[in-house]
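Everything on this sheet refers to the single structure shown next.
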């Protein structure tokens, strides 16, 4: 009996060891398999797969899996997956509009720590404020430097300003006061047909991105000064009949690139490839890029981060390191995205000048690096930035519907909206 018990016990131990061994082996195989795939949530399949194709030339054994995700719902989907413990992207795209909210989730790898060891001196220093969380940890590596200005239609500039030269045109609109004056003059001359900008919200975006003073600082929100200064400009532009009523990225807005009724549009380094040329592919020589009033601003941007709970951090880092620090990955960002990249060494010998016939021989990105980049100031991000943008959108709609709204009333409306939208523990003044 004891011998039979001993044999059964021995057999059970052997079986348990075999099962344990199989489990260990299975986990190892799954981990090894995980290193062969990177999951991307993205709203641009062409961009993601275009970069993946270039990445696979260097890392052929790592598969990039594209998961289509609407940009407007990205933050909510990420939060939901994080709370549920479900699959997160291995490489998370931290778009500029939602980045503050993503960073506030406090679920990111510190990319300056081992095994990543990212050196923040690699990138242009002015973009560091949008790469770090509240503890000054690099939790997202910005792929791009986005010095931005204004697209313009050369025939309209020549007709109404007497020049289509980007330097001369920029000198004629050095501040918002002169921009408003020219807008009023052109509206009067054309019976209100020709507008300086397609929408009031586009003006609001420039003003928001140009604002360098902290708005959200700890529990304090410095909103009154921000709204008073910028809503004054918006109201006067609106009353001058110098802005259109076309919602940005709507079909009517897309069609306006072909008309002779709208003079200026926002212009980032990526605008030509992703917005302008798809909407107006045949107008060679019709377009130019000039400076915005006051100074350059940063418009857009995509950073790469790794969630702490990501299943495949090793391969995720291989992609991020390739995309943001290597010559091959940098060139892919330039070719596929149309980016001015964030790595300083790329332009150590100067920014390359490549004349573009579409812009009558101008190089838009070289111009933006020369004239917009030195003057732009990027405000540190906050999780509440998206609320500020929403309030400006709300006020823009109200002003478009009622041109007689006073500055005092507009500021009161904006302050009421922001108080209703922000947490109660914040002090708003």
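The values are calculated or read from the model by the stated rules, or taken from the named source; none is laboratory data. This one's a predicted model, so the numbers in the text were calculated from it and none came from an experiment. Neighbour counts run over all protein chains shown; Cβ positions are idealised from the backbone, glycine included.
Before moving on, here are some points about what is shown:
- Taken residue by residue, the stretch 347-363 has no member that is within 17 Å of residue 144 (Cβ to Cβ), touching a residue at least 24 places away in the same chain (Cβ under 8 Å) and either touching a helix residue (DSSP H, G or I) at 6+ places or on another chain (Cβ under 7 Å) or assigned by TED's automatic domain parsing to the domain that holds residue 216 (or both).
- Residues being at positive phi and buried (at least 19 other Cβ atoms within 10 Å of the Cβ) - total across the stretch 82-120: 0
- A residue that is in contact with a strand residue (DSSP E or B) (Cβ under 7 Å, 6 or more places away or on another chain), assigned to a loop (DSSP other than H, G, I, E, B), crowded, with 23+ Cβ neighbours inside 10 Å and not assigned by TED's automatic domain parsing to the domain that holds residue 369 can be found somewhere in the stretch 122-138.
- Criterion: without any contact (Cβ under 8 Å) to a residue 24 or more places away in the chain, closer than 28 Å to residue 155 by Cα, surrounded by fewer than 19 Cβ atoms within 10 Å (Cβ to Cβ) and assigned by TED's automatic domain parsing to the domain that holds residue 152 - qualifying residue of 247, 281: 281
- Test: residue in the stretch 37-53 that is at pLDDT below 95, within 21 Å of residue 322 (Cα to Cα) and over 25 Å from the mean Cα position of the chain (by Cα): yes
- When 93, 88, 49 are checked against the criterion of being in contact with a strand residue (DSSP E or B) (Cβ under 7 Å, 6 or more places away or on another chain) and free of Cβ contacts under 8 Å to residues at least 24 places away in the same chain, 49 stands alone in meeting it.
- The single condition from (1) closer than 22 Å to residue 205 by Cβ; (2) in the same structural domain as residue 135 (by TED's automatic domain parsing) that residue 387 fails is (2).
- For residue 297, the test of being closer than 24 Å to residue 57 by Cβ and touching a helix residue (DSSP H, G or I) at 6+ places or on another chain (Cβ under 9 Å) is failed.
- A single member of 233, 275, 215 is over 20 Å from the mean Cα position of the chain (by Cα) and outside the structural domain of residue 336 (by TED's automatic domain parsing), and it is 233.
- Selection count where residues are in contact with a helix residue (DSSP H, G or I) (Cβ under 6 Å, 6 or more places away or on another chain) and free of Cβ contacts under 8 Å to residues at least 60 places away in the same chain, scope the stretch 170-184: 1
- Answer residue from the stretch 371-386, given it is part of a helix (DSSP H, G or I) and touching a strand residue (DSSP E or B) at 6+ places or on another chain (Cβ under 9 Å) and is nearest to residue 421 (Cα to Cα) among those: 385
- The residues in the stretch 31-69 that are out of contact with any helix residue (DSSP H, G or I) (no Cβ under 8 Å at 6 or more places or on another chain) and under 18 Å from residue 97 (Cα atoms) can be counted, and the count is 1.
- Residue in the stretch 102-113 that is part of a helix (DSSP H, G or I) and assigned by TED's automatic domain parsing to the domain that holds residue 320 present: yes
- Identity of the residue in the stretch 397-429, assigned to a helix (DSSP H, G or I) and touching a strand residue (DSSP E or B) at 6+ places or on another chain (Cβ under 9 Å), that ends up surrounded by the fewest Cβ atoms within 10 Å (Cβ to Cβ): 419
- Residue count for the stretch 326-341 under the criterion of being in a loop (DSSP other than H, G, I, E, B) and within 13 Å of the chain's Cα centre (by Cα): the result is 1.
- The single condition among (1) surrounded by fewer than 22 Cβ atoms within 10 Å (Cβ to Cβ); (2) at pLDDT 95 or above; (3) touching a helix residue (DSSP H, G or I) at 6+ places or on another chain (Cβ under 9 Å) that residue 215 does not meet is (2).
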